[in-house]
Amino acid sequence: MQERQVTIGPQTHALPDPFVVMATMNPLDSEGTYALPIAQMDRFLMKVNVGYPTRDEELQILDRFAIADTQPLQNVATLDDVRDWRAQAHAVHLDDKLKRYIVELVAVTREAQRITVVTDAGASLPAGDLIDYGASPRATLALAYLARARALLEGRDFALPDDVRAVAPRALRHRIGFNYRLSTAGVSADRAIDALIAAVPAP
């Protein structure tokens with residue numbers, strides 16, 4: 001992904017620009033699959049948790065696929081559109097204070113001993129006890145990319161701390177090395193991440 005090319009035997013093939021890599025991970029069935037190495041996980045921009053649909057959403061699924069004669073989606077954007085959106089997002093302004101805020105958010109994942117996380121039972125634990133390793137510098141870049149993209153979608157040419165906080169769980173949840181104490185303490189990864197985000201004052 002980082003090299004923007006794939007290799008099959010002795011042949012190397014350049015990937016088109018832009019290209020997207022998506023992967024699915026089923027937490028209920030890992031038989032026959034292997035966990036990705038940390039370095040490969042880190043190359044994914046974000047991790048999106050997809051739960052069950054709501055009843056209304058499931059009713060729409062039923063109507064769309066079991067009742068109606070579903071037509072395949074037609075192209076709604078060209079590659080030139082995507083390149084243009086990428087350029088617009090790249091032009092979104094990141095204030096120096098916001099850059100420092102992003103760096104502090106990532107740094108706190110590596111120095112989490114002073115942060116407290118509340119368990120389901122109401123006990124308080126140092127977040128550092130739940131983390132084996134913090135997020136890499138790629139997390140810093142991901143937060144900046146995603147915050148600018150969110151600002152663009154909101155119709156702004158500048159990013160805000162709210163943009164960073166909104167995208168932080170998706171950018172961090174697969175980059176922080178939580179250990180077994182997370183589950184034994186009855187804490188979700190997202191709750192621990194929320195505690196880390198809350199511990200860093202916004203500019």
Looking only at the range 170-202, which residues are closer than 14 Å to Ser124 by Cβ, modelled with pLDDT of 90 or more and more than 19 Å from the chain's Cα centre (by Cα)?
Ala199
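Residue-wise test of (1) more than 25 Å from Asp96 (Cα to Cα); (2) in contact with a Phe, Trp or Tyr (Cβ under 6 Å, 6 or more places away or on another chain); (3) surrounded by 14 or more Cβ atoms within 10 Å (Cβ to Cβ).
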| position | (1), (2), (3) |
| --- | --- |
| Leu125 | yes, no, yes |
| Leu130 | yes, yes, yes |
| Arg148 | no, no, yes |
| Gly155 | no, no, no |
| Val200 | no, no, yes |
Checked Leu94, Leu79 against criteria (in contact with a Lys or Arg (Cβ under 8 Å, 6 or more places away or on another chain), touching a residue at least 40 places away in the same chain (Cβ under 8 Å) and among the hydrophobic types (A, V, I, L, M, F, W, C)); the one match is Leu94
Top-ranked residue in the range 157-167 [being out of contact with any His (no Cβ under 9 Å at 6 or more places or on another chain) and surrounded by 18 or more Cβ atoms within 10 Å (Cβ to Cβ); ranked as farthest from Pro126 (Cα to Cα)]
Asp163
List, please: which pairs have Cβ atoms under 6 Å, are six or more places apart or on different chains, and start with a residue in the range 118-130 that is touching a residue at least 24 places away in the same chain (Cβ under 8 Å) and end with one that is among the polar types (S, T, N, Q)?
Val118/Ser124
One residue is enough: does the range 56-63 have a residue meeting the conditions surrounded by 16 or more Cβ atoms within 10 Å (Cβ to Cβ), under 29 Å from Ser188 (Cα atoms) and not hydrophobic (A, V, I, L, M, F, W, C)?
no
Go through the range 140-181 and give me each residue that's small (Gly, Ala, Ser) and in contact (Cβ under 8 Å) with a residue 40 or more places away in the chain.
Ala142, Ala144, Ala147, Ala149, Ala151, Ala159, Ala168, Ala171, Gly177
For the range 83-119: of the residues being within 21 Å of the chain's Cα centre (by Cα) and among the polar types (S, T, N, Q), which is farthest from Ala139 (Cα to Cα)?
Gln88
Kindly indicate the residue of the range 132-146 that is part of a loop (DSSP other than H, G, I, E, B) and not aliphatic (A, V, I, L, M) and also surrounded by the fewest Cβ atoms within 10 Å (Cβ to Cβ) among those meeting that condition.
Ser136
Restricting the search to the range 168-188, which residues are surrounded by fewer than 19 Cβ atoms within 10 Å (Cβ to Cβ), of a type in the set (A, V, I, L, M, F, W, C) and over 19 Å from Arg138 (Cα atoms)?
Ala185
With the requirement that a residue be touching a residue at least 60 places away in the same chain (Cβ under 8 Å), part of a loop (DSSP other than H, G, I, E, B) and either on the phi < 0 side of the Ramachandran plot or touching a Cys at 6+ places or on another chain (Cβ under 6 Å) (or both), what does the range 182-203 give you?
Ala185, Val187, Ala199, Val200, Ala202, Pro203
Result of the Cβ filter at 7 Å on the range 51-72, keeping first residues that are without any contact (Cβ under 8 Å) to a residue 60 or more places away in the chain and partners that are of a type in the set (A, V, I, L, M, F, W, C) and in a helix (DSSP H, G or I), at least 6 apart or interchain, is Pro53/Ile61
Could you tell me which of the residues Leu130, Leu160, Leu153, Leu94 is at pLDDT 90 or above and touching a Leu at 6+ places or on another chain (Cβ under 8 Å)?
Leu160
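The values are calculated or read from the model by the stated rules, or taken from the named source; none is laboratory data. Just so it is clear, the model here is predicted, and its values are computed rather than measured. Ideal geometry is used to build each Cβ from the backbone, glycine not excepted, and the neighbour counts take in all protein chains shown.
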